[in-house]
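Below is one structure, written out as structure tokens, with a few remarks after it.
Computed from the coordinates by the stated procedures, all read-outs in this text should not be read as laboratory data. These numbers were taken from a predicted model, which means no experiment stands behind them. Note that we place each Cβ from the backbone using ideal geometry, even for glycine, and neighbour counts take in every protein chain shown.
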Amino acid sequence: MPEIVVLDTHIWVWWLNDKFNYLSAQQIDCIEQAERVAVSVISCFEVAQLVKRERLILPLPINEWVHEALTPAGVEALPLSPVIACLAVNLTDIHKDPFDRMIIATALHNQAKLMSVDGHFKNYPELHGHLIDT
């Protein structure tokens, strides 16, 4: 299976909005060298929700931004499934954010690396060997 790097929602937004100063050189290199770059489809919902609540401003309307932020940008949206939903529920109880739990479960189910700077993620034993956080 080719190496997949799943981007947490904030990394995806930073990457596509040229916020490279928020990313380390190692993170940028990892994204550029990955065979496949992906996000959980739940990240599309999360970005749309942030825009609706005016916590995120994008250069395009949300539907256009999501469209441009996927295939044209070389990012694939990994679907949710019943298996991923159950995996998310059964993760160690580090924190309760359902979006984060779905993103973690999506990465684990796809045997992918997960890139995030969320401080909670490093506490998940399930992510040992899968997390890129620097």
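Would you calculate, for the chain, the mean residue ellipticity at 222 nm contributed by helices, counting each DSSP H stretch of 4 or more residues as -39,500 (n - 2.57) and dividing by all residues, to the nearest 500?
Helix contribution divided over all residues of the chain: -12000 deg cm²/dmol.
Normalised by the number of residues in the chain, what is the relative contact order in percent for Cα pairs under 8 Å and 6+ residues apart? Mind showing how you got there, number by number?
On the way: 174 pairs, mean separation 42.4, N = 134.
Taking the mean separation of contacting Cα pairs over the length of the chain, I get 32 percent.
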Cα coordinate range in the chain, projected on the principal axes (Å, largest first)
37, 31, 27
Can you compute the modelled spin-label distance between C86 and A25, with each label point 7 Å from Cα toward Cβ, in nm?
4.6 nm
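Quote to one decimal, in nm, the extra length available between N123 and D18 on full extension: 0.36 nm per residue of separation minus the C-alpha distance between them.
Numbers: separation 105, 0.36 × 105 = 37.80 nm, distance 2.87 nm.
Full extension of this stretch gives 34.9 nm more.
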Qualifying lysines (Cα of each under 22 Å from Cα of K113; at least 8 residues distant if same chain):
K19, K96, K122
